[in-house]
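A.B. asks: Quick one: this structure, given as structure tokens, is what I'll be asking you about.
The values are calculated or read from the model by the stated rules, or taken from the named source; none is laboratory data. From a predicted model like this one, the values you see are computed outputs, not experimental measurements. Cβ sites come from the backbone with ideal geometry, for glycine too, and all protein chains shown count toward neighbours. All accessible areas refer to the heavy atoms of the entire protein, side chains included, with ligands and DNA or RNA removed. Shrake-Rupley method; radii C 1.70, N 1.55, O 1.52, S 1.80 Å.
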Amino acid sequence: MISVIQLWLPILLSAVAVFVVSSIIHMVLQFWHSPDYHGFSNEAEIAAAIRKGDPAPGVYGIPFCKMEDMKKPETLSKYQQGPVCTVILRRNGTVNMGAFLLQWFIFCLLVSYFCAYLGTSTLLAGTPALQVFRVLGTAAMMAFAIGVIPNGIWGGYPWKGVVKAVVDGILYGLVTGAVFAWLWPK
């Protein structure tokens, strides 16, 4: 029987590998995700209107209504007139990329840890590398790729961007599976 502790190296290296691959995707291959983000032509006016309301950080919907109001004529009219959007507001201040990158790396570690846990529950020492790759790569793909789909369903993210994020997640899963297959105990 294998313990998760024995898999500390593939946990760490797969998280590092995914972190590096995602950095390449987002910083070197900017043509991949950059076209999915847009600015408003009247950004200053929109920012001023939001500042005027002084909202706290959070998730806001326009138009905002309660479920029981969804079928009211005035609500339907607001949806027809538009805009229909979800706005995420963060705290004011400069973007702290270091904090975002640290949180992303911790997430990568968590995915790798749970892949290792799954592996210790389903695979034995000496399991052929291809089987380790299939099982743990699939688990990592599920964690990295499937979880972004609700953003398209409920969050209004454009499907083109969601599909790109799923492709990224599949790549991260392949990388994770490959590292575990390479370092699986014999």
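A.B. asks: Restricting to the stretch 64-115, count the residues that are open to solvent by 80 Å² or more (accessible area, probe 1.4 Å), in contact with a helix residue (DSSP H, G or I) (Cβ under 8 Å, 6 or more places away or on another chain) and either of a type in the set (D, E) or not in a helix (DSSP H, G or I) (or both).
C.D. replies: Going through the stretch 64-115 one residue at a time, the tally reaches 0.
A.B. asks: Can I25 be described as closer than 17 Å to L171 by Cα and assigned to a helix (DSSP H, G or I)?
C.D. replies: Values: closer than 17 Å to L171 by Cα: yes; assigned to a helix (DSSP H, G or I): yes.
So I25 fits the description; yes.
A.B. asks: What are the pairs with Cβ atoms under 9 angstrom where one residue, in the stretch 127-150, is among the aliphatic types (A, V, I, L, M) and the other, located anywhere, is in a loop (DSSP other than H, G, I, E, B) and open to solvent by 20 Å² or more (accessible area, probe 1.4 Å)? Sequence gap at least six, or different chains.
C.D. replies: V135/T127; V148/Y157
A.B. asks: Contact list please: Cβ distance under 6 Å, first residue in the stretch 17-36 and among the β-branched types (V, I, T), second residue at pLDDT 95 or above and exposed (fewer than 12 other Cβ atoms within 10 Å of the Cβ), pairs at least six apart or on different chains.
C.D. replies: none
A.B. asks: Oh, and also: Given (1) in contact with a Lys or Arg (Cβ under 6 Å, 6 or more places away or on another chain); (2) surrounded by 14 or more Cβ atoms within 10 Å (Cβ to Cβ), identify the lone condition not met by S22.
C.D. replies: Unmet for S22, out of (1) in contact with a Lys or Arg (Cβ under 6 Å, 6 or more places away or on another chain); (2) surrounded by 14 or more Cβ atoms within 10 Å (Cβ to Cβ): (1).
A.B. asks: Looking at Y117, Y172, Y157, Y113, which is the one that is without any contact (Cβ under 8 Å) to a residue 40 or more places away in the chain, out of contact with any Gly (no Cβ under 9 Å at 6 or more places or on another chain) and either at positive phi or not aliphatic (A, V, I, L, M) (or both)?
C.D. replies: Y157
A.B. asks: Additional query: Does the stretch 144-180 hold any residues that are among the basic types (K, R) and open to solvent by 70 Å² or more (accessible area, probe 1.4 Å), and which are they? Steps first, please.
C.D. replies: Residues of the stretch 144-180 among the basic types (K, R): 160, 164.
Hit for the stretch 144-180 is K160, nothing else.
A.B. asks: Are any residues in the stretch 72-87 touching a Phe, Trp or Tyr at 6+ places or on another chain (Cβ under 8 Å) and of a type in the set (A, V, I, L, M), and if so, which ones? Walk me through it before giving the result.
C.D. replies: Applying the first criterion (touching a Phe, Trp or Tyr at 6+ places or on another chain (Cβ under 8 Å)) to the stretch 72-87 yields 86-87.
Within the stretch 72-87, V87 is the sole residue that qualifies.
A.B. asks: Still on this structure: Restricting to the stretch 29-56, and then to whatever is open to solvent by 80 Å² or more (accessible area, probe 1.4 Å) and in a loop (DSSP other than H, G, I, E, B), can you tell me which residue is farthest from R90 (Cα to Cα)?
C.D. replies: F31
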